[in-house]
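The values are calculated or read from the model by the stated rules, or taken from the named source; none is laboratory data. Quick caveat, the model's predicted, so the values are computed rather than measured. Note that we place each Cβ from the backbone using ideal geometry, even for glycine, and neighbour counts take in every protein chain shown. Keep in mind that these areas ignore ligands, DNA and RNA; they rest on the heavy atoms of the full protein, side chains included. Shrake-Rupley method; radii C 1.70, N 1.55, O 1.52, S 1.80 Å.
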2 protein chains.
Amino acid sequence: MDVTNRLFNRDLMNRIVSAEEAASWIKDGMTVAMSGFTQAGDAKVVPYALVERVKREKKPFKINVYTGASINSEIDGILAEASIVNLRLPYQSEKRMRDSINEGEIRYIDQHLSHTAEMIRQNALPQIDIAIVEAVAITEEGYIVPTTSVGNSHIFVEKAKAIIVELNEAQPTQLMGIHDLYNPEEQGRRRPILLTAVDQRIGASAFMIDPDKIKGIVLTNQRDVTSKIIQPDEDTAIMADHLVHFFCEEVKAGRLAKNLAPLQSGVGSVANAVFHGFLKSEFTDLEVYSEVLQDAVFDLIDAGKIRFASGCSITLSPAKADKVLGNFEKYRDKLLLRPQEISNHPEIVRRLGLIAMNTAIEVDIYGNVNSTHMFGSRIMNGIGGSGDFARNARLTIFVTKSTAKNGNVSCIVPFISHVDHTEHDVDVIVTEQGLADLRGLSPRERASVIINNCAHPQYRPQLLEYYQEAVKRGGQTPHVLEKALSWHVRYQREGTMLGKSL
Amino acid sequence: MDVTNRLFNRDLMNRIVSAEEAASWIKDGMTVAMSGFTQAGDAKVVPYALVERVKREKKPFKINVYTGASINSEIDGILAEASIVNLRLPYQSEKRMRDSINEGEIRYIDQHLSHTAEMIRQNALPQIDIAIVEAVAITEEGYIVPTTSVGNSHIFVEKAKAIIVELNEAQPTQLMGIHDLYNPEEQGRRRPILLTAVDQRIGASAFMIDPDKIKGIVLTNQRDVTSKIIQPDEDTAIMADHLVHFFCEEVKAGRLAKNLAPLQSGVGSVANAVFHGFLKSEFTDLEVYSEVLQDAVFDLIDAGKIRFASGCSITLSPAKADKVLGNFEKYRDKLLLRPQEISNHPEIVRRLGLIAMNTAIEVDIYGNVNSTHMFGSRIMNGIGGSGDFARNARLTIFVTKSTAKNGNVSCIVPFISHVDHTEHDVDVIVTEQGLADLRGLSPRERASVIINNCAHPQYRPQLLEYYQEAVKRGGQTPHVLEKALSWHVRYQREGTMLGKSL
């Protein structure tokens, strides 16, 4: 690699080391914080070298691993397989890591994504020994310019005792300048965050650290390894239509502006499909204030629908990455990447009045939402930023298909097996069946709207039967506790939630 | 009443009417918004006159009733008894109102207390026809000076078509000047709220409305009718000790400053007892940024422990009210009252880094908290501001006795029957048995700490038995779904949660 157009601080030249050497600095018991948010901008080679070394050494070895959010699946996978993770936080989305967590082999703290930096600042988590962050460049001052994500890297490099930089030639230098790196002070001594518009800059364009903290620089040349985005299917397309129709009606009613309000959308295929729904809508001048900028955001920029997008990562399918990163000048003035505590900050979320759209695993008849756990016990990924947005947004929307497992699971249930978002935070539920606008409704009214608008027809009679039995017992939120979780229990025993009587 | 020292705008003299006349303006189907937060500063005579009139007229009559939070119990009581309430929000704490809500006779929307003003601003709730607000004075400009609470009155008077002022001679004029009435603009066009210290003023000292909106002024002379504060008992005193000890250790560890961080404490006797715990502690220069300022806050000011207290209401027991309000000059420069959306604002809660202490009804072994519902269905009061604080605070603490109903109910259960706060938001649990510091712990570790430190010894074996059975099935948050709610079901059937085997 010709490092001269990426490593502008000549004094740091002699810090260039191999991945193996950098990995050798990581000792048993350390806390290692790595860049990466939704598989973008993550450390790509040092973790591999570390795993190789540990396998070779065959000594007891465990580390704590902090990241922004999910990282390259391969890396979470090999870390889990090698059994070298003691504590993992604040988010993951990889099968082997998930299995180890669910087996209790890896301690996992599933955090609101805006909370991690605060907890580190408060010294309420094990201190960071080494931060490994991917960079597109190191400036003359020795400052680090991140790549396709910011995540928690600002706090990682600030608090780590030592920093390893992975300088990645495969990340286009045009990424320089798209970061807005604001680092709040300690709570209690903190000033207002003066961000009042999605396209506003309030921070630096590089992590302004003491270059002496950079212990090593590893040269890499590898693209982000992202998941394939599943293209919208019939159901997700219908869900998007319901939402677009709802937004049109809100504009007509004068409750939303013509270009709505800044949009936040969760990670994954359903969220991507929802954004895709705007493509054929009449909305223009849309603004995005979200975590991850996925394929659909760039499609909407191309189509002239999105005016500006603020995120904390750019996560693209491989095909889309070629187009976007290969032609990045086109997008440079239409987006900004911020730390996740800023993209998800309650202060900003509330001030801007976001429309928050996130995915549910299951929803109960009163509008409580489970977005993390299968059948109460087994975690899928994590709560991510959904709680940061849901509590503080102007309008909180959760989307889910009405059924899963070939119709054997109803995603609308009497009582969810795990609660991540309470009815106080949930304004709208959308399934392919329809949309339930819960604003201004008491729980009993919510039940009727959710069952009728959102549940799959094959489950409606069962849901109504439960609800009616519950109402006979009374209450603000009527339940039949001995039957509340019986749908889940039945599925575990019989492979289906369907059944004539509870 | 000599109105000249309270009604400074002479043009409004001719708006003085009887309570009966004012009540006659309230028509069937209207939405009536009333001042009042935790039984302080509420409308005191027009609601009575209204109920009298409706009883006399014997015609169908229903209204929607919005308040700040709980009001004078008598008033919620007679409104419920008269069956004239269609919709009630965002909080109540009165037996007859609660019973009617649980019977489904009154629609009740239990809201985060910072959300109501936003939803009104967004036009997502029925529009306010008439606001009835208690005032200590009306200024020369015709602006309204509230009394012992601010609550939602700023948004009520802004959005109502007409305003009825209850000018209350029993509220001391010394209250003038203690209000800091900041009204955020619309979301999306909103500037940062420039509040960075608990004693900082950012707003006006009166509601700056168009005086023409004042349709009537009713003269009253009646103190706030508040609940008796139950004095700390042995258990709540022990809980306070646990907390004070914890805070001392946090200071020693360098995680909190010597005067801690601004304190928020919920409503009621347990919360009051927790504050009382500071009396004999070594802490000084404490700051409060809370909703309600109860007896203990004034005791702590008297004792030189609290430097400054910001709240949205002053709710005192009758005996304490005599002392404080009769000698208010002593406290005037040590407190401020703000709108509840500012006292509870996520922006401020996060910026100041509050220590939030609120009461739980029950807690599960993983640290999820129910603060509203008895046995899943029947609501007690409401979520109040606990969610505003819990999600966004620096340190979120929930307190509860370990048992209720003479030991027949364990307040630590395998699975709570209603979730208001998820484990992501809960840092510390305190019972009279001990304190569980959950920061940095994964759910399985949380279970062990909560069971061992917080559960009553008579329930520990049962809890461990459940937990161990659950762990055999695996998962990040292990559960045995068919037994998860069995403790509640057993209590409903047998009158106790105690039992050899599940």
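What fraction of the DSSP beta bridges in chain B is antiparallel, stated in percent and rounded to the nearest 5?
Within chain B, antiparallel bridges account for around 25 percent of the total.
If you fit an axis through the alpha-carbon atoms of helix A:46-57 and take the longest principal axis of the Cα set of chain A, what angle between them do you get, 0 to 90°, nearest 10?
So the helix axis and the longest Cα principal axis differ by about 80 degrees.
Counting pairs of alpha carbon atoms under 8 Å apart in space and at least six apart in sequence, what relative contact order in percent does the range A:11-220 give?
24
Convex hull volume of the Cα atoms in the range B:161-295, per residue, in Å³?
173
Just to check, using Stokes-Einstein with a Kirkwood Rh over alpha carbon pairs, what's the diffusion coefficient of the range A:336-390 at 25 °C and 0.890 mPa s in µm²/s?
It comes out at roughly 193 µm²/s.
Ignoring ligands, DNA and RNA and using a 1.4 Å probe, state the total buried accessible area between A and B in Å², rounded to the nearest 100.
Counting protein atoms only, the buried area is about 6500 Å².
Once every Cα of the range B:359-471 carries one equal point scatterer and solvent is ignored, give the base-10 log of I(q)/I(0) from the Debye formula at q = 0.10, 0.13, 0.21 Å⁻¹, two decimals.
-0.25, -0.42, -1.13
Would any residue of the range B:53-85 have its amide N under 18 Å from a label point 7 Å out along Cα→Cβ of B:SER18? List them or say none.
Flagged as within label range: B:53-58.
With a ≥ b ≥ c taken as the square roots of the eigenvalues of the C-alpha gyration tensor of the range A:11-220, please select rounded if a/c is under 1.5 and otherwise prolate if a/b is larger than b/c or oblate if it is not?
Oblate.
Report for the protein assembly as shown the percent antiparallel among DSSP-assigned beta bridges with both residues inside it, nearest 5.
25
Which whole-number percent gives the relative contact order of chain B, counting Cα pairs below 8 Å spaced six or more residues apart?
Once divided by the residue count of chain B, the mean separation gives 13 percent.
Taking the label point as lying 7 angstrom from Cα along the Cα-to-Cβ axis, what are the distances from B:ASN406 to the corresponding position in the remaining copies, in ascending order and in nanometres?
5.5
So, in nm, how far is label A:GLU141 from label A:GLU494 when the simple model puts each one 7 Å beyond its Cα toward the Cβ?
Modelled inter-label distance: 6.6 nm.
Antiparallel versus total DSSP beta bridges in the range B:234-494: what percent is that, nearest 5?
30
Enter the accessible area per residue of the range A:377-491 (Å², integer; probe 1.4 Å; all protein chains in place).
So the range A:377-491 comes to 25 Å² accessible per residue, rounded to a whole number.
Summing +1 for each Lys or Arg and -1 for each Asp or Glu, what net charge is found among the other residues whose Cβ lies under 9 Å from the Cβ of A:LEU167?
-2
I'd like the orientation of helix B:443-454 relative to chain B: the angle between its Cα long axis and the longest Cα principal axis, in ° from 0 to 90, rounded to 10.
80
Going by average Cβ density within 10 Å per residue, which order do the peptides B:327-340, A:120-133 take, highest to lowest?
A:120-133, B:327-340
Can you tell me the length gained on complete extension of the stretch A:LYS27 to A:GLU81, counting 0.36 nm per residue apart and subtracting the Cα distance?
Between A:LYS27 and A:GLU81, full extension yields 17.6 nm more.
Name the residues of the range A:195-216, by number, that are at least 30 Å² less accessible with every protein chain in place than in the isolated chain; the surface is that of heavy atoms, probe 1.4 Å, without ligands or nucleic acids.
Listed in order, they are A:THR196.
How far, in degrees from 0 to 90, does helix A:460-473 lean away from the longest principal axis of the Cα atoms of chain A, to the nearest 10?
Once rounded, the angle reads 80 degrees.
Could you tell me what a quarter of the Cα convex hull surface of the range A:160-200 works out to, in nm² with one decimal place?
5.1
Take every residue in peptide A:394-407, count the Cβ atoms of other chains within 10 Å of its Cβ, and give the average of those counts.
1
Give me D for chain B in µm² s⁻¹, whole number, from Stokes-Einstein with Rh from the Kirkwood sum over alpha-carbon pairs, 25 °C and 0.890 mPa s.
Answer from the Stokes-Einstein relation: 105 µm²/s.
Under the convention of a label 7 Å out along Cα→Cβ, give the distances in nm from A:ASP333 to the same position in every other copy, shortest first.
Distances between equivalent label points, in nm: 5.6.
If you split all Cα-Cα distances of the protein assembly as shown into 10 Å bins from zero, what percentages do you get per bin, shortest first?
Using 10 Å bins, I get a P(r) of 2, 12, 21, 25, 21, 13, 5, 2, 0, 0 for the protein assembly as shown.
When N is the residue count of the range A:234-494, what does its C-alpha Rg come to as a fraction of 2.2 N^0.38 Å?
1.03
Over all residues in B:84-94, what is the mean tally of Cβ atoms on other chains that come within 10 Å of each residue's Cβ?
1
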